[in-house]
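Worksheet: one structure, shown below.
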């Protein structure tokens with residue numbers, strides 16, 4: 001079982017300090033979330049709450065994930081970085097491939113990419129990307145990224161993206177794992193067919209077990225048998241026994257905010273550091 005700390009909703013000014021503390025405490029990875037803007041009036045319902053309202057307020061920090069990862073990589077030694085999740089189809093695939101490969105090189109290969117189709121149509125329109133075709137474009141973009149990261153002359157002739165032979169440097173020092181987020185049937189099938197893993201929203205252990213069963217079924221149907229990671233946030237696991245139950249149903253990575261267990265939400269950097277080290281003593285060192 002590996003432990004990943006999310007930095008969502010934290011001040012950007014604390015990212016490097018928190019990453020350093022997590023690295024020293026033995027966490028396996030840091031997760032960075034993604035939005036470009038927060039419209040004053042969001043027309044698209046948020047799909048992960050009952051009332052359709054987001055879990056955050058306006059003026060919450062959403063730093064650029066790859067700039068943040070580059071900065072955190074410079075002040076850490078072993079911890080890995082993942083986006084949870086990066087809204088890939090509202091971006092240009094060439095610019096994404098360049099940013100990720102640069103971060104991979106500068107971090108010594110310590111990056112993974114969590115992607116999702118996205119839910120906020122407002123952002124897609126501002127980024128001048130078609131919201132309706134985002135799922136099909138995402139499927140194709142995953143292949144485009146892997147081609148651009150391959151290190152040779154490549155060409156692509158697809159439904160949405162087409163280019164003649166070219167190369168992109170620098171090349172990542174190794175394969176960049178791609179994890180797919182989402183709960184819909186298309187998202188689960190995308191993860192099973194194209195991904196190296198799947199990222200959940202916040203669920204109970206039983207719900208996560210059901211999703212894992214579906215993913216195993218879809219992977220078998222797609223003829224996929226390679227190692228597959230399952231990164232989850234659990235609403236009912238708060239101790240080592242709970243995390244072991246998650247491991248029993250197929251979870252490989254726990255996504256958490258460790259300071260929430262030791263005093264709750266706080267803006268205090270010292271309190272967060274304390275929560276990180278207490279979680280490491282109570283959980284990570286005993287796993």
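Please work out which one of (1) exposed (fewer than 13 other Cβ atoms within 10 Å of the Cβ); (2) closer than 14 Å to residue 94 by Cβ is the condition residue 154 fails and give its number.
(1)
Can you tell me which residues in the stretch 11-32 are surrounded by fewer than 21 Cβ atoms within 10 Å (Cβ to Cβ) and either at pLDDT below 95 or in a loop (DSSP other than H, G, I, E, B) (or both)?
Selection gives 11, 26, 28.
Of (1) without any contact (Cβ under 8 Å) to a residue 24 or more places away in the chain; (2) in contact with a helix residue (DSSP H, G or I) (Cβ under 8 Å, 6 or more places away or on another chain); (3) assigned to a strand (DSSP E or B), residue 198 satisfies all except one. Which?
Unmet condition: (1).
Checking residue 149 against (1) over 17 Å from the mean Cα position of the chain (by Cα); (2) surrounded by 21 or more Cβ atoms within 10 Å (Cβ to Cβ): exactly one of these is not met. Which one?
Unmet for residue 149, out of (1) over 17 Å from the mean Cα position of the chain (by Cα); (2) surrounded by 21 or more Cβ atoms within 10 Å (Cβ to Cβ): (2).
Can you pull out every residue in the stretch 175-189 that is without any contact (Cβ under 8 Å) to a residue 24 or more places away in the chain and either part of a helix (DSSP H, G or I) or touching a strand residue (DSSP E or B) at 6+ places or on another chain (Cβ under 7 Å) (or both)?
Within the stretch 175-189, 185 is the sole residue that qualifies.
Table: residues versus (1) under 22 Å from residue 244 (Cβ atoms); (2) more than 20 Å from the chain's Cα centre (by Cα); (3) not in a helix (DSSP H, G or I).
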| site | (1), (2), (3) |
| --- | --- |
| 191 | no, no, no |
| 207 | yes, no, no |
| 210 | yes, yes, no |
| 218 | no, yes, no |
| 230 | yes, no, yes |
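Are there any pairs, at least 6 apart or on different chains, whose C-beta atoms fall under 9 Å, with the first in the stretch 51-72 and in a helix (DSSP H, G or I) and the second modelled with pLDDT under 95, and if so, which?
From residues that are in a helix (DSSP H, G or I), there are no pairs.
Of all residues in the stretch 218-238, how many are surrounded by 13 or more Cβ atoms within 10 Å (Cβ to Cβ) and either without any contact (Cβ under 8 Å) to a residue 24 or more places away in the chain or within 19 Å of residue 190 (Cβ to Cβ) (or both)?
So the answer is 9.
Go through the stretch 248-283 and count every residue that is assigned to a helix (DSSP H, G or I), in contact with a strand residue (DSSP E or B) (Cβ under 9 Å, 6 or more places away or on another chain) and surrounded by fewer than 20 Cβ atoms within 10 Å (Cβ to Cβ).
1
The values are calculated or read from the model by the stated rules, or taken from the named source; none is laboratory data. None of these values were measured; they are calculated from a predicted model. Reconstructed Cβ throughout: ideal geometry from the backbone, glycine too, with neighbour counts over all protein chains shown.
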